[in-house]
Amino acid sequence: MNVKHKVIIMRCDEYDPAKISNIVKKGMEELGVRPTGNILLKPNAVLAHPEVFPYAFTRAEFLDGVLSATKEMAADVREISVGERSGITIPTRFSFKMAGYNPVIKKHKAKAYYFDEVKQVPYKLKRNENLRENMFFPKPIVDCDFLINLPKFKAHPWCRLTLSLKNFIGIQDDRHRLVDHNIYLEHKIADLQEVIQPKFIAIDGIVAGQKMMLTPTPFNMGAIVMGTNSCAVDTVCCHMVHVDPKDLIHLRLASERGFGPMDINQIDVSGDFPLNEVREKTKNFEFCMEHIDSYFDKDCNLSCTVGAFPAAHSPDYCWGGCPGALQEAMHIFKAYYPNVYTDMKKIHYVVGKVEGPLNIQDDETVMFVGNCTSWEGNIDGEHVKIESSYKPPKAIDEKKTKSNDMVLKTASTLLNAFLKKNRRWIHVKGCTVSVAEHVHYFSMIGKTGNPLFDPRMIVPLNTSYYQMRANRFLNRFVG
Ligand code: SF4
């Protein structure tokens with residue numbers, strides 16, 4: 001008979017490092033976990049800022065507690081480190097600083113690995129189902145003996161939830177992370193599981209995040225979820241917030257590939273926070289899985305036309321690409337400028353293959369977004385033909401991808417928007433067009449402020465960027 005995977009749900013209402021350490025240590029004991037060798041802790045620091053992005057990341061107190069427990073439980077340690085790659089173009093050292101990780105890492109004499117600064121090495125994948133045969137990973141991931149995965153419990157507008165499996169998106173640097181981060185995002189997440197499996201998982205569900213991944217609304221869940229198998233942990237977390245695990249597509253794909261169970265009956269759920277009690281508490285936990293053409297209402301100066309998409313598994317919508325990036329970008333604007341929806345200049349956003357006339361108003365600028373977008377028609381008497389340049393995964397060579405450098409991306413998007421500023425329409429290419437690019441284009445075309453140039457961001461962000469560039473250069477010469 002197969003031994004059931006164990007998942008533990010523990011109560012924890014406050015970010016108290018000592019309390020968290022105690023809970024995690026007991027969890028490790030119950031699960032028979034003994035960290036050893038090169039031990040790498042992978043939090044979710046996709047973006048962090050104490051004022052504007054306070055709920056997007058695994059909290060420093062949580063990391064502190066897990067580091068204490070890890071040190072107590074570990075044997076034959078070569079190194080304890082904390083590694084992560086923040087969201088596209090944001091230097092990871094910026095997020096670590098804003099998340100408050102640096103004093104914690106220093107206190108525990110651990111090492112910080114910013115995955116955008118270290119060597120990237122190829123890794124050969126073996127499964128037939130994978131999108132590609134090779135992927136690139138930061139060297140510390142490939143060298144790791146014992147991965148401890150520390151996700152933040154959050155809803156996600158592209159994938160429904162981000163938990164243990166989805167946290168692996170942060171184990172790739174930008175150049176490789178954006179490859180297949182589009183309509184194939186769920187498949188990519190499943191592929192990533194082949195490079196390494198976490199040997200311990202602790203999810204920060206003390207204050208969980210609802211709806212968005214970068215600007216989530218907080219939900220006082222008061223829980224820490226622990227286990228040793230990502231599929232089992234994610235399955236239990238789905239049940240915690242009334243999601244059918246089959247609807248978490250990357251979980252279904254990973255489970256079908258044999259990475260673990262997605263049937264709650266095959267999982268031994270324990271701890272002092274019964275699942276039924278958690279479910280009672282989360283009855284009103286909120287998600288955002290709406291298509292963009294129905295998401296922005298009549299009080300918003302943004303309207304959207306959504307066409308057809310080029311992948312057989314999802315012809316009616318691109319989850320994982322441009323539409324979700326638009327939603328995230330709009331929520332970021334709202335966090336900085338609460339009246340932006342009505343204050344911005346009118347934009348009509350078009351994505352996918354669209355046929356027939358567009359329903360556009362005289363004062364709207366039309367943004368055709370993404371490589372898969374196509375349309376032909378007249379705007380202000382001008383004949384406009386937007387052609388698709390979309391390429392499926394097999395036609396993309398992962399060894400020849402672009403850098404996605406923050407300064408270059410910023411300069412090129414702002415220049416493109418500036419050069420087209422007197423036109424009624426613009427075509428923004430990319431697959432995916434990232435959240436940051438959406439922010440830049442909307443700030444120029446919508447004539448709003450630019451959150452990335454906000455005084456709270458611009459100095460620390462750019463300081464981190466130039467430190468990142470210098471270290472990335474120096475690390476080329478390190479073995
Ligand atoms: S261009 Fe954008 S919307 Fe189209 S498939 Fe790529 S990510 Fe999706």
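The values are calculated or read from the model by the stated rules, or taken from the named source; none is laboratory data. Every value quoted in this text rests on a predicted model; they were computed, and no experiment measured them. Every residue, glycine as well, gets a Cβ built from its backbone with ideal geometry; the counts of neighbours run over all protein chains shown. Surface areas here come from the heavy atoms of the whole protein model, side chains and all, with no ligands, DNA or RNA. Shrake-Rupley method; radii C 1.70, N 1.55, O 1.52, S 1.80 Å.
Before we move on, is residue 399 more than 16 Å from the ligand (Cβ to nearest atom), charged (D, E, K, R) and not assigned by TED's automatic domain parsing to the domain that holds residue 187?
yes
Looking only at residues in the stretch 185-221 that are within 16 Å of the ligand (Cβ to nearest atom) and more than 30 Å from residue 469 (Cα to Cα), which one is surrounded by the fewest Cβ atoms within 10 Å (Cβ to Cβ)?
187
Among the residues of the stretch 459-466, is there at least one that is open to solvent by 50 Å² or more (accessible area, probe 1.4 Å), within 30 Å of residue 343 (Cβ to Cβ) and among the β-branched types (Val, Ile, Thr)?
Yes, the stretch 459-466 has at least one match.
Looking at 373, 365, which one is within 13 Å of the ligand (Cβ to nearest atom), touching a Gly at 6+ places or on another chain (Cβ under 9 Å) and polar (S, T, N, Q)?
373
Does residue 350 satisfy being modelled with pLDDT of 95 or more, crowded, with 22+ Cβ neighbours inside 10 Å, touching a Ser or Thr at 6+ places or on another chain (Cβ under 7 Å) and among the β-branched types (Val, Ile, Thr)?
Numbers: modelled with pLDDT of 95 or more: yes; crowded, with 22+ Cβ neighbours inside 10 Å: yes; touching a Ser or Thr at 6+ places or on another chain (Cβ under 7 Å): yes; among the β-branched types (Val, Ile, Thr): yes.
So residue 350 passes the test.
If residue 456 satisfies every condition in (1) on the phi < 0 side of the Ramachandran plot; (2) crowded, with 16+ Cβ neighbours inside 10 Å but one, which is the exception?
Every listed condition holds for residue 456 apart from (2).
Among the residues of the stretch 323-330, are any modelled with pLDDT under 95, surrounded by 15 or more Cβ atoms within 10 Å (Cβ to Cβ) and of a type in the set (D, E, K, R)?
Yes, the stretch 323-330 has at least one match.
Filtering the stretch 280-336 down to residues that are free of Cβ contacts under 8 Å to residues at least 40 places away in the same chain and not in a loop (DSSP other than H, G, I, E, B), which residue is nearest to the ligand (Cβ to nearest atom)?
My answer is 323.
Could you grab me the full set of residues in the stretch 142-182 that are more than 16 Å from residue 252 (Cβ to Cβ), in contact with a Cys (Cβ under 6 Å, 6 or more places away or on another chain) and either open to solvent by less than 10 Å² (accessible area, probe 1.4 Å) or more than 16 Å from the ligand (Cβ to nearest atom) (or both)?
157
Return the residues of the stretch 244-260 that are buried (at least 22 other Cβ atoms within 10 Å of the Cβ), over 19 Å from the mean Cα position of the chain (by Cα) and part of a loop (DSSP other than H, G, I, E, B); say none if nothing qualifies.
The one that is buried (at least 22 other Cβ atoms within 10 Å of the Cβ), over 19 Å from the mean Cα position of the chain (by Cα) and part of a loop (DSSP other than H, G, I, E, B): 260.
Restricting to the stretch 366-395, name every residue that is open to solvent by 60 Å² or more (accessible area, probe 1.4 Å) and in contact (Cβ under 8 Å) with a residue 60 or more places away in the chain.
388, 392, 394
Please state which one of 52, 104 is open to solvent by 10 Å² or more (accessible area, probe 1.4 Å), at pLDDT below 95 and touching a helix residue (DSSP H, G or I) at 6+ places or on another chain (Cβ under 6 Å).
52
Being of a type outside the set (D, E, K, R) and either within 14 Å of the ligand (Cβ to nearest atom) or in contact with a helix residue (DSSP H, G or I) (Cβ under 7 Å, 6 or more places away or on another chain) (or both): is that true of residue 356 here?
No.
Among 443, 412, which is surrounded by 19 or more Cβ atoms within 10 Å (Cβ to Cβ) and outside the structural domain of residue 140 (by TED's automatic domain parsing)?
The conditions single out 443.
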